[in-house]
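Written out below as structure tokens is the structure these notes cover.
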Amino acid sequence: MHRRSSSYTVIVAGLGAMGSATVYHLARRGVRVLGIDRFAPPHAMGSSHGRSRIIREAYFEDPLYVPLVQRAYELWDELQNEAGREILVRTGGVMIGPPGGTVAGGAVRSAIRHGLPHERLTAAQLHERIAGFRPTVDMIGVWEPRAGYLVPETAIGAHLEIAERHGAELRTGETILDWSATTDGVEVRTTNAVYSADRLVLALGAWMPRLIRDLGLPLAIERNVLYWFKPARATTLFDRDRFPIWLCEYAPGLVWYGFPDAGHGVKVALHHQGTLADPDALRRDVEPQEIAYIRALLRTFMPAADGPLVETAVCMYTNTPDEHFIIDRHPGCSSVIVASPCSGHGFKFSSAIGEQLAMLATDTDPTFDLSPFRIARFAIEPE
Ligand SMILES: Cc1cc2nc3c(=O)[nH]c(=O)nc-3n(C[C@H](O)[C@H](O)[C@H](O)COP(=O)(O)OP(=O)(O)OC[C@H]3O[C@@H](n4cnc5c(N)ncnc54)[C@H](O)[C@@H]3O)c2cc1C
């Protein structure tokens, strides 16, 4: 039996990385906000689990992300102070690959464009600085001092707890079935109730296509695996004060990346080499050939980390064709804001994206130019 509940100024659908940051910013502004999630975030069913997410500033994907990540850094620091828990760990970072390649070349481009501190290291200098990593001679490393990693579960938990303290109402274990436009806002139907609000923010991650089917957006859900390896022999080589976060283009267009050992082993993964997936039927076991592939990379580049595999986790990217984000109003209903498909590189920005979404949802002009993230670039006509 559906209960018709009272009305809100904003409903945030999905309380993962983007949604938790959005309810936080709305609640701190005193907005009457309801957040809804089908699971109980932070959880391991979507795109925001696995103990760490890279944050870096010399953004190889495109210099346009640099100001947004700089704002994200400020907000992560604020959240960390407010929560009194470690959320942002600064290890430094190195973008490794051929000099003109996507990763190293792109990082240099962003660093120069935005005047960011960075150092260009030869393969030998890189190995000297980070003894746990052995690049091939044709690679360079672009060192950036401010890079590091975020602890996603702690970040999401902190955003939600503080949002609640500021009056946000959160409903978990409640699935949104659909939404519809009304004369003065939106109505949201869940497994438990029907809610109404002036504005709706859709931050549904890999499930986003289900609730914006009418837009026919070309979104693809990609399965990705995270691996934790214990070094075969006790070593300090991968401690977080000696070993930074890194991304490495090991063949043209093929990228893997990793983190220091924060107590669970060295975490490594492939970037954008996963298979297409259905979020409700995601294969969470990992095939021996997947493990063999990543172990071969480990043997080549980080031989001291090539010990027992201690854990794996499976996670989902929500990809757009150009791998840029979507942050925009629904073209057929301006009360609805669509924000999520972040193509496997969105977590670091979520504090800042949440702030921009809170502005959009309260009809305040965003402080960043969000035009690169418009839906219209896909030339989709709403039905
Ligand atoms: C393996 C992996 C590694 C990554 N590494 C990095 C990295 O190093 N750095 C980085 O910046 N980014 C990284 N990313 C990307 C980043 O983690 C994602 O962009 C980000 O976490 C996505 O957040 P989200 O809020 O869109 O999705 P989620 O955090 O998955 O949140 C979506 C929420 O919506 C809820 N939901 C869905 N449907 C419904 C419904 N019908 N009703 C109610 N609730 C619903 C879900 O339960 C979920 O909680 C990585 C992603 C993966 C998968």
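The values are calculated or read from the model by the stated rules, or taken from the named source; none is laboratory data. All figures in this text were calculated on a predicted structure; none of them were measured in a lab. Glycine also receives a Cβ, built like all others from the backbone with ideal geometry; neighbour counts cover every protein chain displayed. We work out accessible area using only protein heavy atoms, side chains counted, and drop any ligands, DNA or RNA first. Shrake-Rupley method; radii C 1.70, N 1.55, O 1.52, S 1.80 Å.
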Working only within region 313-352, note down all residues that are near the ligand (Cβ under 6 Å from one of its atoms) and out of contact with any strand residue (DSSP E or B) (no Cβ under 9 Å at 6 or more places or on another chain). none
For region 49-66, check the following and say yes or no: at least one residue is open to solvent by 10 Å² or more (accessible area, probe 1.4 Å), within 6 Å of the ligand (Cβ to nearest atom) and not small (G, A, S). yes
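With in contact with a helix residue (DSSP H, G or I) (Cβ under 7 Å, 6 or more places away or on another chain) and polar (S, T, N, Q) as the only criterion, which of T275, T235 stands out?
Sole residue among the options that is in contact with a helix residue (DSSP H, G or I) (Cβ under 7 Å, 6 or more places away or on another chain) and polar (S, T, N, Q): T235.
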Scanning region 353-377 residue by residue, those under 14 Å from R329 (Cα atoms), more than 11 Å from the ligand (Cβ to nearest atom) and among the hydrophobic types (A, V, I, L, M, F, W, C) turn out to be A358, M359, L360, A361, L370, F373, I375, A376
Collect the residues in region 1-44 that are out of contact with any strand residue (DSSP E or B) (no Cβ under 6 Å at 6 or more places or on another chain), more than 6 Å from the ligand (Cβ to nearest atom) and of a type in the set (A, V, I, L, M, F, W, C), keeping them in residue-number order. M1, A21, A44
Which of the residues belonging to region 257-273 are touching a residue at least 12 places away in the same chain (Cβ under 8 Å), surrounded by fewer than 16 Cβ atoms within 10 Å (Cβ to Cβ) and away from the ligand (no atom under 13 Å from the Cβ)? H264
Qualifying residue in region 290-303 (condition: surrounded by 15 or more Cβ atoms within 10 Å (Cβ to Cβ) and of a type in the set (K, R)): yes
Restricting attention to region 295-339, report how many residues are outside any strand (DSSP E or B) and either out of contact with any helix residue (DSSP H, G or I) (no Cβ under 7 Å at 6 or more places or on another chain) or more than 21 Å from M95 (Cβ to Cβ) (or both). 19
Provide a single number: the residues in region 8-35 that are surrounded by fewer than 24 Cβ atoms within 10 Å (Cβ to Cβ) and β-branched (V, I, T). 2
Is it true that Y24 is more than 13 Å from the chain's Cα centre (by Cα), more than 15 Å from S351 (Cα to Cα) and not charged (D, E, K, R)? no
Give me the pairs, please: first residue somewhere in region 1-26 and under 18 Å from T318 (Cα atoms), second residue anywhere and modelled with pLDDT under 90, beta-carbon distance under 6 Å, and either six or more positions apart or on two chains. M18/S340
Say whether the condition of being surrounded by 16 or more Cβ atoms within 10 Å (Cβ to Cβ), of a type in the set (G, A, S) and assigned to a helix (DSSP H, G or I) is met by at least one residue in region 79-94. yes
Flag for R109 being more than 13 Å from P244 (Cα to Cα), open to solvent by 70 Å² or more (accessible area, probe 1.4 Å) and in a strand (DSSP E or B): no
Please go through region 338-383 and pick out each residue that is among the acidic types (D, E), closer than 16 Å to F325 by Cβ and touching a residue at least 12 places away in the same chain (Cβ under 8 Å). E355
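Taking region 148-174 on its own, how many of its residues are outside any strand (DSSP E or B) and open to solvent by 40 Å² or more (accessible area, probe 1.4 Å)?
To start, the set of residues in region 148-174 that are outside any strand (DSSP E or B) comprises 151-168, 173-174.
Going one step further and asking which of them are open to solvent by 40 Å² or more (accessible area, probe 1.4 Å), we end up with 153, 161, 164-167, 173.
Adding up the residues that qualify gives 7.
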Out of the residues in region 224-256 that are within 20 Å of S343 (Cα to Cα) and out of contact with any Phe, Trp or Tyr (no Cβ under 8 Å at 6 or more places or on another chain), state the one that is nearest to the ligand (Cβ to nearest atom). L226
Within region 182-216, the count of residues that are away from the ligand (no atom under 11 Å from the Cβ), closer than 16 Å to L357 by Cβ and either free of Cβ contacts under 8 Å to residues at least 24 places away in the same chain or in a strand (DSSP E or B) (or both) comes to 5
Hits in region 346-373 - residues which are part of a loop (DSSP other than H, G, I, E, B) and open to solvent by 10 Å² or more (accessible area, probe 1.4 Å): T362, D363, T364, D365, P366, T367, F368, D369, L370
So which of S334, S340 ends up being farther than 30 Å from T136 by Cα, surrounded by fewer than 19 Cβ atoms within 10 Å (Cβ to Cβ) and of a type in the set (S, T, N, Q)? S334
Residue that is open to solvent by 50 Å² or more (accessible area, probe 1.4 Å), on the phi < 0 side of the Ramachandran plot and not aromatic (F, W, Y), where the choices are L276, L215: L276
For residues that are under 22 Å from N192 (Cα atoms) and in contact with a helix residue (DSSP H, G or I) (Cβ under 7 Å, 6 or more places away or on another chain), scanning just region 164-177, find the one that is farthest from the ligand (Cβ to nearest atom). G167
